[in-house]
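Everything on this sheet refers to the single structure shown next.
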Amino acid sequence: MGRPSSYSEDIADRICAELANGAGLRDICEPAGMPAPSTIYRWLSEFPEFQERYARARERQADTYADEIVGISDNENGDPQRDRLRIDARKWVASKLRPKKYGERVLNELTGSDGGPLVYANMNPEVRDQRIQELWAKRRQANTESN
């Protein structure tokens with residue numbers, strides 16, 4: 001029997017449930033009777049309701065990986081190097097699946113010419129306007145010189 005290529009709610013439910021429990025798509029598609037990954041990717045573009053369920057399952061998968069990290073780190077009988085690899089892999093995947101929750105926090109900070117924070121909002125309006133004019137003048141000059 002070949003792999004199924006027509007969309008099935010039962011198979012879609014199984015795929016999403018297994019994803020949410022931490023299984024990888026390749027492993028989910030391996031057993032007989034399951035569609036190929038390419039079929040699942042096609043379903044994602046053809047069936048918006050499946051796309052939404054799949055996205056939620058991937059978010060839950062990230063939460064599952066986060067839970068597994070705690071279990072792996074609490075295991076005192078494992079191989080420390082192997083456990084570190086398993087933890088790092090789960091952290092990386094979780095950060096990609098749910099970057100707002102598990103990703104690295106990126107903080108961009110602007111600094112002034114004196115190395116301190118650049119805070120124009122709290123600056124005296126006259127000084128702020130003068131500084132803005134100076135910056136525009138520098139920009140115009142740079143543009144003139146490059147042409």
Only one residue in ARG26, ARG42, ARG60, ARG98 is crowded, with 16+ Cβ neighbours inside 10 Å, at pLDDT 95 or above, over 30 Å from ILE132 (Cβ atoms) and not aromatic (Phe, Trp, Tyr), so which one is that? ARG60
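Are any residues in segment 1-14 among the aliphatic types (A, V, I, L, M), out of contact with any helix residue (DSSP H, G or I) (no Cβ under 6 Å at 6 or more places or on another chain) and surrounded by 12 or more Cβ atoms within 10 Å (Cβ to Cβ), and if so, which ones?
To start, the set of residues in segment 1-14 that are among the aliphatic types (A, V, I, L, M) comprises 1, 11-12.
Applying the additional criterion that residues be out of contact with any helix residue (DSSP H, G or I) (no Cβ under 6 Å at 6 or more places or on another chain) yields 1, 11.
Of everything in segment 1-14, just one residue is among the aliphatic types (A, V, I, L, M), out of contact with any helix residue (DSSP H, G or I) (no Cβ under 6 Å at 6 or more places or on another chain) and surrounded by 12 or more Cβ atoms within 10 Å (Cβ to Cβ), namely ILE11.
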Looking only at segment 14-50, count how many residues are of a type in the set (Asp, Glu), in contact (Cβ under 8 Å) with a residue 24 or more places away in the chain and closer than 26 Å to TYR65 by Cβ. 0
Among the residues of segment 50-80, write down those that are within 17 Å of the chain's Cα centre (by Cα) and among the β-branched types (Val, Ile, Thr). THR64
Could you please find all residues in segment 47-86 being among the polar types (S, T, N, Q) and part of a helix (DSSP H, G or I)? GLN51, GLN61, THR64, SER73, GLN81
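The values are calculated or read from the model by the stated rules, or taken from the named source; none is laboratory data. Worth saying up front: this structure is predicted, and the values here are computed from it rather than measured. Quick reminder, even Gly has a Cβ in these numbers, built from the backbone with ideal geometry, and neighbours come from all protein chains shown.
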